[in-house]
Amino acid sequence: MKKERTRIEHDPFAVEQREWKQRQSKERYKQLLTIISPIFLLLLWEVMSRTGMMDIRFFPPPSAILGSFYKMIASGAMADHIGVSLYRIFAGFLAGVIPGIIVGLLMGLYSPIRHFVQPIVMALMPIPTLALLPIIIILFGIGDLSKVVTIAGSVFFPVVINTAAGVLNIDRIYLDVANNYGAGKVQFFFKIALPGALPVMLEGIQMGQAIALLTIVAAEMMGATSGIGYLIWTSYKAFLLKDMYVGLILISFFGYLFSLLLRSLQKKLLPWR
Amino acid sequence: MSKESKIEIRNLTKAFYKKQASVTALDDISLTIEDGEFVCIVGPSGCGKTTLLRILAGLEQPSVGDFEIHSEMEGRPLQSMVFQERGVIPWLTVKENVAFGLKMRRMPKAHIKERTDYYLKKTGLDRFSHLYPKELSGGMKQRVSIARAFANDPEILLMDEPFAALDEQNKFILQEELLSIWAETKKTVVFITHSIDEALLLGDRILLMSAQPGKIIEQIHIDTPRPRTIEDIRKDPIMAGKFVDIWTHLQHEVQLSRKEYG
């Protein structure tokens, strides 16, 4: 029994469903853009270097870089370089993050410690750890240890500062709640200080992760006999630019991967946000 | 007074010292609150009512004078506070928030569970017990805060404008819920508010405070029989009279402080 007038849509759910579908397709479109953008960049690079718009000697096309990556894997050298760099990154990262968290928490919780340590941290932070690399190499040798120390030294600062700030920025009212309900020192630490500081602390760790990658390349370029940074440096000196780009792209890939891992860790640790 | 006293406040004075302008937040307050009494403190903002509550809560020390909360039962906490809206801890679930005081006092697990479940149910939070506060409305958050205080089973309850941030409808609902829980436990309550309606509905006695120096300038007994509802208060002509009474008192206070500072 259809009348003429029912041509106009009257079902509110149908209207909402249509809008919902539109929103969904918009979301998909945005996701697509995110996936396309790195591919677009690589394609542009490929085209420009193949057509001669960019100097192929300095900017070899990505397909050629991929080719030399396969060759390097096949020769077995690649796995060693990646392995040794990852080991240094992880060890250095942990050696910087763990003391950073401990010192940062102490600074946040005890104001005399904060007033004593803060000037030292602020004075040491602007000194690039890399500038100390010659001394670090004399003290710790040319092997893994000197790289681990260099990375740890760079990672420590953002973590320490963010952890202390995280504790200090906890809303005072939660301290009152803990006090009023009779929280002891240990309970205060585990129920209020640590979880309350965690969001800002994790931002510091995220920053530390990026710094670890920046540092490893530079440290391995200056004094190492293996690793991705060493690969980049020796390829550059021999003008094997394809090999050099393999190293750079690897670093970029690991940086992206670690960021994703830390983000998902963040979501797990902060379900309340 | 026939009942025995629960809280005794003697010559309590609190001054805040600053280089430029020192302030007397509380000026020589002496007060006795009976066991099971629901006392509302009403006053203009900045009159020191929150300072008084914070001193009773052990969060601040008086400059001069002291107070005593009579304990009835060994091992019971003296007081628990219901904070304003932000007092619910965001990284603990609803259940963990309600259990907070009991956990801090290291009560046996079974006891914690029993008391927590009871008050979750009582406040209608049992369906939300595993959610984090960010997923709750303002009214629900305040239910968590109230459940946390009652679950802790203190000698007295302190409430710092717990409903100030809620919309009217939610406020009425929560006020009546609070009264029904309170009627069951008959705890002594000190309740701070700037809403005259709220004080008339909840209180056995209303204390009016003046600002700077913070003093109690008037006491009003409310003997309307309980259980009360907001309709009872609004319809009752005696209550309407009391409302106007308090209103003129506060108005006078605000005007005075305006003259002094303006």
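What follows is calculated from the coordinates using simple rules that are stated; it is not laboratory data. Fair warning: this is a prediction, and the values are worked out from it, not measured in the lab. Ideal geometry is used to build each Cβ from the backbone, glycine not excepted, and the neighbour counts take in all protein chains shown.
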Could you calculate, for chain A, the ratio of the Cα radius of gyration to the Kirkwood radius, expressed as Rg to Rh? 1.15
Efficiency of FRET from Cβ geometry, residue B:134 and residue B:244, R₀ 45 Å, rounded to 0.05: 0.60
Mean other chain Cβ within 10 Å across A:191-202 is 2
Set the Förster radius R0 to 45 Å, insert the Cβ-Cβ distance between residue B:255 and residue B:184 as r into 1/(1 + (r/R0)^6), and round the FRET efficiency to 0.05. 0.60
For residue A:251, net neighbour charge (Lys/Arg +1, Asp/Glu -1) across residues whose Cβ lies under 15 Å away: 0
Which Rg and Dmax, in Å, describe the Cα atoms of the stretch B:140-214? 12.6, 37
Can I get the semi-axes of chain B's equivalent ellipsoid? Compute them from the C-alpha gyration tensor as square roots of 5 times the eigenvalues, in angstrom, largest first. 30, 22, 19
Can you tell which of B:237, B:30, A:35 lies farthest toward the positive end of the dipole of the protein assembly as shown, using +1 and -1 charges on the Cβ of basic and acidic side chains (Lys, Arg; Asp, Glu)? A:35
In sequence order, calculated HN-Hα J values of the stretch A:186-194 (Karplus, 6.51, -1.76, 1.60; Hz; x Gly/Pro): 5, 5, 4, 4, 7, 9, 10, 5, 5
Roughly how crowded by other chains is peptide B:73-83, in terms of the mean Cβ count from those chains within 10 Å of each of its Cβ atoms? 2
Roughly how many whole Å is it from the C-alpha centroid of the stretch A:80-148 to that of the stretch B:91-114? 40 Å
Within the under-12-Å Cβ sphere about residue B:168, not counting residue B:168, Lys/Arg +1 and Asp/Glu -1 give a net charge of -2
Once both label points are put 7 Å beyond Cα along the C-beta direction, the residue B:229-residue A:273 separation in nm becomes 4.7 nm
Taking amide H positions as placed 1.01 Å from N in the peptide plane, with prolines and chain starts having none, which residues 5 or more places from residue B:28, or on another chain, fall under 5 Å of its amide H? B:13, B:14
Taking the convex hull of Cα positions in the stretch B:87-153, its mean projected area over all directions (nm²): 3.9 nm²
Hz values of 3J(HN,Hα) by residue in the stretch A:37-47 - Karplus curve (6.51, -1.76, 1.60), Gly and Pro given as x: 4, x, 5, 4, 4, 5, 4, 4, 4, 4, 4
What net charge do the residues around residue B:195 carry, taking every other residue with its C-beta under 9 Å from that of residue B:195, with Lys and Arg at +1 and Asp and Glu at -1? -2
Farthest toward the dipole's positive end in the stretch A:52-195, which of A:189, A:54, A:66, given Cβ charges of +1 (Lys, Arg) and -1 (Asp, Glu) about the Cα centre? A:189
What is the distance, in nm, between label points placed 7 Å from the Cα along the Cα-to-Cβ direction at residue A:237 and at residue A:252? 2.5 nm
Full-extension gain in nm, residue A:13 to residue A:47, via 0.36 nm per residue minus C-alpha separation: 7.4 nm
Taking every residue in A:168-179, how many Cβ atoms of other protein chains lie within 10 Å of its Cβ, on average? 4
Placing each pseudo-label 7 Å from Cα in the direction of the beta carbon, residue B:20 and residue A:132 end up separated by a distance in nanometres of 4.4 nm
Given only helices, namely DSSP H runs of n ≥ 4 each adding -39500 (n - 2.57), what is the per-residue ellipticity at 222 nm of the protein assembly as shown, to the nearest 500 deg cm²/dmol? -19500 deg cm²/dmol
Just to check I understand the Karplus step: with θ = phi - 60° and J = 6.51 cos²θ - 1.76 cosθ + 1.60, what whole-Hz values come out for the stretch A:114-119, glycine and proline as x? 4, 5, 7, 7, 4, x
Of the residues A:22, A:209, A:118, which exhibits the maximal mean-square fluctuation in a Gaussian network model of chain A defined by a 10 Å Cα contact cut-off? A:22
Would you pull out the residues with amide H under 5 Å of residue B:209's amide H, same chain only if 5 or more places away, H placed 1.01 Å from N? B:42, B:43, B:217
Once the convex hull of the alpha carbons of the protein assembly as shown is built, what does its volume come to per residue, in cubic angstrom? 309 Å³
Give the dimensionless ratio obtained when the Cα radius of gyration of the stretch A:58-199 is divided by 2.2 N^0.38 Å. 1.48
